[in-house]
Amino acid sequence: GGVVLPRQKRFESLSEWTIEAWIRPGADGDGLIAGARVNGALSIKFGLENYVPYASFVSSSPDPVNPLINRVVKVGGGVDTFTALAADEWHHVAVVYDDEEFELALVVDGLLTRTVSNVFPVDMPAGGDVIVSLGGDGDGTDPDNAFTDGFVDEFRFWRTARTRALIE
């Protein structure tokens, strides 16, 4: 599901990045605002869980418990402790991966809400095929990923880690 963006060279290198958008959730406070598939696997997620923004991605570092798989890094989400977004109100949400600081940060309405440190970049095989989608996972395999009730405006996907000053 969702709207699949045209393949572009700017998505081929994900060493650092920023995803930001204005969102207005409706009655259903769950779903992907945006997702990115790398070689078919849903590798980056940016969405809502119970009206709480979150971001996750598959890192290039091994999982500490099972080193045979790559680590999934997540910040925010429904189990987090910060206040959920109000339905039918506009909010600016951004997620930034900084490859110099090895940090994933979530910014909501101009405030840094959560960070995860010591995080390696997205697992990006050489020549990897990246497909970015809005409002879903890009192929509709998981209906829970669909952002079906709400609005997204001014969506941006940057190939740089934008500073908080630029996001605010």
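The values are calculated or read from the model by the stated rules, or taken from the named source; none is laboratory data. Keep in mind that this is a model prediction, so the values were computed, not measured. Here the Cβ is made from the backbone with ideal geometry for all residues, glycine too, and neighbour counts use every protein chain on show. Quick note on the areas: whole protein, heavy atoms, side chains included, nothing else; ligands and nucleic acids left out. Shrake-Rupley method; radii C 1.70, N 1.55, O 1.52, S 1.80 Å.
Figures for the structure shown
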{"read-out": "HN-Hα J in Hz across the range 101-113 - Karplus 6.51, -1.76, 1.60, θ = phi - 60°, x for Gly and Pro", "value": "9, 6, 9, 10, 10, 10, 10, 10, 6, x, 10, 5, 9"}
{"read-out": "Simple Cβ-charge dipole of the chain, Lys/Arg +1 and Asp/Glu -1, about Cα centre, in debye nearest 20", "value": "420"}
{"read-out": "Sequence-distant residues sharing a close amide H with residue 5 (under 5 Å, placed H)", "value": "132, 133, 134"}
{"read-out": "Inter-probe distance in nm under a simple model that places probes 7 Å from Cα toward Cβ, at residue 102 and residue 163", "value": "2.4"}
{"read-out": "From phi via Karplus (6.51, -1.76, 1.60), per-residue ³J(HN,Hα) for the range 51-60 in Hz, x at Gly/Pro", "value": "6, 9, x, 8, 9, 8, 7, 8, 7, 7"}
{"read-out": "Accessible surface of the chain, 1.4 Å probe, proportion on carbon and sulfur as whole %", "value": "51"}
{"read-out": "Distance between modelled label sites at residue 15 and residue 72, nm, 7 Å Cα→Cβ extension", "value": "2.8"}
{"read-out": "Net length gained if the chain between residue 3 and residue 156 were fully extended (0.36 nm per residue, minus Cα distance)", "value": "53.7 nm"}
{"read-out": "Mean accessible surface per residue for the range 19-75, computed with a 1.4 Å probe while every protein chain stays in place, in Å²", "value": "38"}
